[in-house]
1. Within the range 105-120, take every residue that is touching a strand residue (DSSP E or B) at 6+ places or on another chain (Cβ under 7 Å) and within 15 Å of residue 68 (Cβ to Cβ) and give me the one that is surrounded by the most Cβ atoms within 10 Å (Cβ to Cβ).
2. Taking residue 49, is it touching a residue at least 40 places away in the same chain (Cβ under 8 Å) and on the phi > 0 side of the Ramachandran plot?
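The numbers here are math on the coordinates, done by the rules we state, and not lab data. A quick note: this is a predicted structure, and the numbers were derived from the prediction, not measured. Positions of Cβ are generated from backbone atoms using ideal geometry, with glycine treated the same way; all protein chains shown enter the neighbour counts.
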């Protein structure tokens, strides 16, 4: 887990430091960036939960709700990024990076996800300090996405 957080932090730091541009105070302020161009987030790891749901109709409904929740949280600015994780020995299934400063705020947001409520996924949450520019990802993603979930 610490390895994932470290890798994400290093990747964003390297990407930011390798890209030179003039400081834009208006943009920095709009993204709530500190003097390093960074801000607090909460990293959520989705893990295989304890639920044993075999009914495909129920699972399809839960995952449709999961995708709708991701879309809604992204559109309202609470979610910076989300995505699945490939098969692994830790049973990690995906991540959310929430645009909130506290784990308490993130706990409220995950209650909106039916897959978490049903026990399909369990969560681990960590405070994370990353680039404030991450909040531009949802906007950029809309420009490169051919299909919607």
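1. Here the answer is 115.
2. Working: touching a residue at least 40 places away in the same chain (Cβ under 8 Å): yes; on the phi > 0 side of the Ramachandran plot: no.
No, not satisfied.
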